[in-house]
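The values are calculated or read from the model by the stated rules, or taken from the named source; none is laboratory data. Computed from a prediction, not measured in an experiment: that's the story for all the values here. Cβ placement follows ideal geometry from the backbone for every residue including glycine, while neighbour counts extend to all protein chains displayed. Remember, those area values only see protein heavy atoms, side chains included, never the ligands or the DNA or RNA. Shrake-Rupley method; radii C 1.70, N 1.55, O 1.52, S 1.80 Å.
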Amino acid sequence: MSDEKKNSYGDDSFWDLDKFVPKTSRPTPITRRNSEKSTSAIEIQSTVKSSDSHRFGDVSLSHDKDQITRFIPPHNDSAFAKKYTLFEYSPKNPLIKSVKVYSEKPDEKLFVETNLFIRERRALLNRTAHECPHVAYYSHAPRYSQMSRGQLNWYLWWRENTRNGIFLKTDESYIILYSYELAATDESEDKQKSLDMLCALLGNYSDKDINVVFRMMIRDIICDFCLLHQLPSPIEKLNGLDRRLLSGSFLPEFFMDFSVENRDHIANLGLSSLSMYDYKKSKLYTPENKELFKKAISGALAAVVANDHAFNAIISFTSGVYGSITVERRPFARMINIVNRSIKFEITYFQMSTLQSAVTDAVRYSENKLREHLGSKSKLNIMSVNPSVKEAIDLFFSKHYPPVPVIDRRRRSAMEKEIEVHEYDKLYDVPKLAFSAKHAMEIERESWETTKILTEAFADDSDQIKELNNTEYASISVAQPVTTPKPEETPDISVESDENDGLYSKISGVIGKEAEFIKLCQNGTAAEQRQFAHANKLATDELADRINEAAVDVFGDILLENDGEAYRIIEDYIDQL
């Protein structure tokens, strides 16, 4: 075989598939060719006539080859774009370190002048209104241009009343549209008046009037409005929102304005909302103590806020381990696009969550002080309380809710036990009298007379019953015991002690040998008290309770109290033993 045929039909030529694939004129896509260098600088060369070079502006032209080389810069990421600071300031709120408003474009205005909403707002801002019927309107992003003539007339009439402090019932879309209108306040308008109206909308329309999503949107509008116009947090107008004001907020630290001017309002707003412990779930939080808990806990936290040392101790937790953080945000992010997208916030602040542990311990410690006032033994466990915070809370409770002394708590417990006796139990109470044989004989005689009367009432005419009535019962009724002494010689076997006897003798006459525990409470140790109680097969607390119950019966008060280590005799009764 010739060499030519070997090259045509050899094994190597069989794999040359390009001979069998049809040729195509479609070029490879540019995106595929430049996918790996899509963000890099590239050069494009084009062959043109020298006479057409004026069409290409600032380009480099090679006259010898009639080629134009145009340079395309690389893609610029917005994160590396130049920022033009419009203004920067530090609020009085110690939780917010700084607020900077910047733009990605120079000389950028806040609002889009060509925006349809802005133009319609300016045209309708001072439009006079006339009374008209309500017309329903709903829109997730309400605008003036969406409304009919009747809807617009009602909006203007409702807005006129709202500006005068009359909040008519209306649809939430009208309320949201008015909040948009207030947020777009320009430099020539009263910003504080617009802020007050935003707060009034949030305060005068409940959850039934405004969906919770829209309520939170108005809350965020208030936050952005104040940050944008350098206004303080209006927490004095938002006292009724408490925990809901902070839930899901982009910047809850803004509403917890700890500046000196707003400290009292912070306490009313509910500093306890930062606590991880809810005192309303306490076992002592009953309908009777509901108002007491509210006043005492809020008052204690207000005392902490009002005390400079205690307040600074709480705020010191904000620096914490993590320090401050910086975030970016577009103003009025949830609104329709009326603000230039190039304008943004850069906020540096301390996270409010770092305060939770300090506030939680303060709330728990306050409840412990309140439990002492209520006479409760149980207490809540506390991790740690700053000495300054503890001192402020102690001073508040000692002045307004002092603790109940141990003696008074014991007396109250004894009185409560007496009060717990049911009314019908009192009918079976027997008066406590000294034993007397004469009195016993009198009781026996009266019982036999009662028996005779009952027997005669139910007896028949038989001779046997008559004989029994006339002889046996009659003889028994007048019979006298042979051993009965004369009245003046009757011995007194009463257990009632002499008035001159000490308390120990009187109590021992009631409970017996167990009263010896009193001597150990006067001079003995806790170990000796436990040993004596064990010998009598009783717990120390149970033995002390028996003696105190006997003391209440004898002289109307308890005798023993626990000093934390052992039981001791109350000082008022040591000399009376």
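Checked against the criterion of being open to solvent by 80 Å² or more (accessible area, probe 1.4 Å) and at pLDDT 90 or above, the candidates His130, His54, His75, His63 yield just one match: His130.
Name every residue in segment 383-402 that is among the hydrophobic types (A, V, I, L, M, F, W, C) and surrounded by fewer than 16 Cβ atoms within 10 Å (Cβ to Cβ), in order of residue number. Met383, Leu395, listed by residue number.
Residue check: Tyr174 meets all listed conditions (1) modelled with pLDDT of 90 or more; (2) surrounded by fewer than 22 Cβ atoms within 10 Å (Cβ to Cβ); (3) outside any loop (DSSP other than H, G, I, E, B); (4) touching a Phe, Trp or Tyr at 6+ places or on another chain (Cβ under 9 Å) but one, namely (2).
All of (1) loosely packed, with under 14 Cβ neighbours inside 10 Å; (2) under 30 Å from Leu251 (Cα atoms) hold for Ala123 with one exception: (2). Could we say that Arg159 is open to solvent by 50 Å² or more (accessible area, probe 1.4 Å), in a helix (DSSP H, G or I), of a type outside the set (S, T, N, Q) and under 26 Å from Asn337 (Cβ atoms) here? So Arg159 fails the test.
Yes or no: Asn337 closer than 30 Å to Arg215 by Cα and at pLDDT below 85? Step through it out loud before you land on a result.
Numbers: closer than 30 Å to Arg215 by Cα: yes; at pLDDT below 85: yes.
The answer is yes for Asn337.
Checking every residue in segment 508-530 against the condition of being among the β-branched types (Val, Ile, Thr), touching a helix residue (DSSP H, G or I) at 6+ places or on another chain (Cβ under 7 Å), open to solvent by 50 Å² or more (accessible area, probe 1.4 Å) and at pLDDT below 75 gives zero matches.
Of the residues making up segment 308-331, those that are surrounded by fewer than 20 Cβ atoms within 10 Å (Cβ to Cβ), at pLDDT 85 or above and not hydroxyl-bearing (Ser, Thr, Tyr) are His309, Ile325, Val327, Glu328, Arg329, Arg330. Looking at segment 360-382 only, could you name the residues that are at pLDDT below 85 and either under 19 Å from the mean Cα position of the chain (by Cα) or open to solvent by 50 Å² or more (accessible area, probe 1.4 Å) (or both)? Lys377, Lys379, Leu380, Asn381, Ile382, listed by residue number.
Within segment 177-202, take every residue that is among the acidic types (Asp, Glu) and in a helix (DSSP H, G or I) and give me the one that is nearest to Glu120 (Cα to Cα). Steps first, answer last, please.
Restricting attention to segment 177-202, the residues satisfying the condition of being among the acidic types (Asp, Glu) are 181, 186-187, 189-190, 196.
Checking which are in a helix (DSSP H, G or I) leaves us with 181, 196.
On the way: Glu181: 10, Asp196: 23 Å.
Looking at the filtered set, the residue picked out is Glu181.
Residue pairs whose Cβ atoms lie under 7 Å apart, separated by 6 or more positions or on different chains, with the first residue in segment 319-330 and among the polar types (S, T, N, Q) and the second open to solvent by 80 Å² or more (accessible area, probe 1.4 Å) and at pLDDT 85 or above, are Ser324/Lys97.
So which residues in segment 144-155 are of a type outside the set (Gly, Ala, Ser) and surrounded by fewer than 16 Cβ atoms within 10 Å (Cβ to Cβ)? It would help to see each step written out before you state the result.
Filtering segment 144-155 for residues of a type outside the set (Gly, Ala, Ser) gives 144, 146-147, 149, 151-155.
Across segment 144-155, the qualifying residues are Gln146, Arg149.
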